[in-house]
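Read-outs throughout are calculated quantities, based only on the coordinates presented, and are distinct from any laboratory measurement. For clarity, every value in this text was computed on a predicted model and none was experimentally measured. Here the Cβ positions follow ideal geometry from the backbone for every residue, glycine too, while neighbour counts run over all protein chains shown.
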Amino acid sequence: MVSRVVTQLYDDCLRPSGLRVTQFSILAAVARLGEASLKQLEDELAIDQTTLTCSLTLLERDGVLERASHPDGRIKAMRLTSKGRRALEVARPLWAHAQGKVLRELGTKAWTDAQRQLTRLHHVAVKKRQLGREGRRVHSKGRRVVD
């Protein structure tokens, strides 16, 4: 319930940019990484592959992301387009405004504590996702790989 309220606050502030907070997060991550594979984004954002793929498809359709060539053709890599860079430039101050609202409501100490706890949860989620991926790896004959 709290996450929905916070998401709505950010979405409301970001509305003039045409981005939702989830889309902003993806674009910001791609901008930070320069070019990002699906796996990198899953780990960076702690988001499941299905949700991420759906979001990337929409962002690609809207022309803010494009596929980047990768030496391993099986790897789906994405990068910002010029439209994506402009969208991010418009959205960043709007995101900062939302962040300011949250800080004013919570206070700096409470925000720092919450951020520390959320970072810890993020690391747990990434670790769990990595362990899940390792458990899904299988040999070509259909048997699981045991590390």
Extension gain from residue 37 to residue 115, taking 0.36 nm per residue of separation minus the Cα-Cα distance: 25.5 nm
Cα-centred dipole magnitude for the chain, charges only on beta-carbon of K, R (+1) and D, E (-1), debye, nearest 20: 400
Two-site label geometry, residue 104 and residue 75: point separation in nm, points 7 Å out along Cα→Cβ: 4.4
Computed E for residue 92/residue 131 - FRET, C-beta separation, R0 41 angstrom, nearest 0.05: 0.75
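First check a/c for the stretch 27-83, with a ≥ b ≥ c the square roots of the eigenvalues of its C-alpha gyration tensor; if it is under 1.5, answer rounded, and if not, answer prolate when a/b is larger than b/c or oblate otherwise.
Rounded, since a/c falls under 1.5.
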Global geometry of the chain, whether rounded, prolate or oblate, following the gyration tensor of its Cα atoms and the 1.5 cut on a/c: oblate
Amide H partners (placed H, <5 Å) of residue 68, local residues excluded: 77, 78, 79
Difference of contour (0.36 nm per residue) and Cα-Cα distance, residue 124 to residue 58: 20.9 nm
Exposure rule at most 11 other beta-carbon atoms within 10 Å, DSSP loop trypsin sites (Lys or Arg not before Pro): the chain longest free segment: 1-73
Straight-distance crosslink candidates among lysines, where the alpha carbon sits under 26 Å from residue 127 and sequence neighbours closer than 8 are dropped: 39, 76
Using θ = phi - 60° and Karplus 6.51 cos²θ - 1.76 cosθ + 1.60, couplings along the stretch 14-21 (whole Hz; Gly, Pro as x): 7, 3, x, 7, x, 10, 9, 4
Label zone at residue 12 (point 7 Å along Cα-to-Cβ), backbone N below 18 Å, the stretch 96-124: 96-107
